[in-house]
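Comments concern the structure below.
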Amino acid sequence: MSHLILISAPSGSGKSTVIQQLMQDESLRLSFSISATSRPPRGNEQHGVEYYFYTPEQFKQLIAEDRLVEYVEVYPGKYYGTLRSEVDRLAAMGRNILFDVDAVGAMRIQEAYRDKVVSIFLMPPTFAELRRRLESRGTESPELVEERMRRASYEINFAEQFDHTVVNDDLELCVSQVAKIIQIGRAHV
Ligand code: ADP
Ligand code: 5GP
């Protein structure tokens, strides 16, 4: 039986880094749910790899056609959502599905698939370290760093609604803690 593993964290906490490492652990049998977004690609991101990239008009069409399990305007004018076709595609493979979604989207998926969900919120050690990581990544302008810091203050309020909270201070420790949660989640269902 496949499970839905939801991972949320304020942008810059290291969520993508943690997810990349988890995906390499074949014993976890994870497949990544590629989300749809109306934000433009960052760095070397490619359509169908990190995200399915759409124009704002195309994204509105997906909403109108009810092709999304959930969607959120995470940043002004930037929509992100989970495609029904993506969940169906991965569920048919019988593997655990890993979702990288914001806290609001995670709550919606959790409501929809309660018994199948294991939800994990990753925390940065401090706000100062979060800012340092966002700035050192160098992919956002100073204005976008501020936007993401504001969003982080909002998202952290949702942490207690997740099944588990893990602090990403030491990366290896964080990855092993999350891997253990995924393994236990599977064993208990
Ligand atoms: P997110 O996906 O949460 O936006 P990233 O995975 O892109 O964040 O990480 C943001 C930056 O922080 C990257 O430069 C990454 O290398 C760095 N980073 C990730 N985890 C840690 C950690 N545990 N300690 C220090 N730096 C980290
Ligand atoms: P980024 O622009 O850094 O890739 O992602 C910004 C935020 O959007 C992150 O918090 C990420 O988890 C969230 N996100 C990515 N895909 C989805 C999705 O399908 N649904 C929702 N609700 N949020 C998503």
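Tabulated data
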{"read-out": "Hits in the stretch 54-85 (condition: more than 26 Å from residue 143 (Cβ to Cβ) and more than 9 Å from ligand 2 (Cβ to nearest atom))", "value": "61, 62, 63, 64, 65, 66, 67, 84, 85"}
{"read-out": "First in the stretch 12-30 and within 15 Å of residue 120 (Cα to Cα), second anywhere and surrounded by 21 or more Cβ atoms within 10 Å (Cβ to Cβ) and among the acidic types (Asp, Glu), Cβ under 7 Å, 6 or more apart", "value": "15/100; 19/100"}
{"read-out": "Residue ID - most open to solvent (accessible area, probe 1.4 Å), chosen from residues in the stretch 67-83 that are among the aromatic types (Phe, Trp, Tyr) and closer than 19 Å to residue 109 by Cα", "value": "71"}
{"read-out": "Count of the stretch 24-57 residues which are within 24 Å of residue 184 (Cα to Cα) and among the hydroxyl-bearing types (Ser, Thr, Tyr)", "value": "3"}
{"read-out": "Of residues in the stretch 1-41 being part of a helix (DSSP H, G or I), within 15 Å of ligand 2 (Cβ to nearest atom) and not aliphatic (A, V, I, L, M), the one surrounded by the most Cβ atoms within 10 Å (Cβ to Cβ)", "value": "15"}
{"read-out": "Near pairs, Cβ below 7 angstrom, 6+ apart or cross-chain, from the stretch 97-110 (more than 14 Å from residue 3 (Cβ to Cβ)) to any residue that is assigned to a helix (DSSP H, G or I) and within 13 Å of ligand 1 (Cβ to nearest atom)", "value": "100/15; 100/19; 102/155; 103/155"}
{"read-out": "Odd one out for residue 136 among (1) within 19 Å of residue 20 (Cα to Cα); (2) at pLDDT 95 or above; (3) within 16 Å of ligand 2 (Cβ to nearest atom)", "value": "(2)"}
{"read-out": "Hits in the stretch 50-66 - residues which are open to solvent by 60 Å² or more (accessible area, probe 1.4 Å) and either under 12 Å from residue 81 (Cα atoms) or at pLDDT below 95 (or both)", "value": "50, 60, 66"}
{"read-out": "Flag for residue 140 being touching a residue at least 60 places away in the same chain (Cβ under 8 Å) and surrounded by 14 or more Cβ atoms within 10 Å (Cβ to Cβ)", "value": "no"}
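The values are calculated or read from the model by the stated rules, or taken from the named source; none is laboratory data. Bear in mind the structure is a predicted one, so any value in this text is a computation, not a measurement. Neighbour counts run over all protein chains shown; Cβ positions are idealised from the backbone, glycine included. The area values use the complete protein model at the heavy-atom level, side chains included, leaving out ligands, DNA and RNA. Shrake-Rupley method; radii C 1.70, N 1.55, O 1.52, S 1.80 Å.
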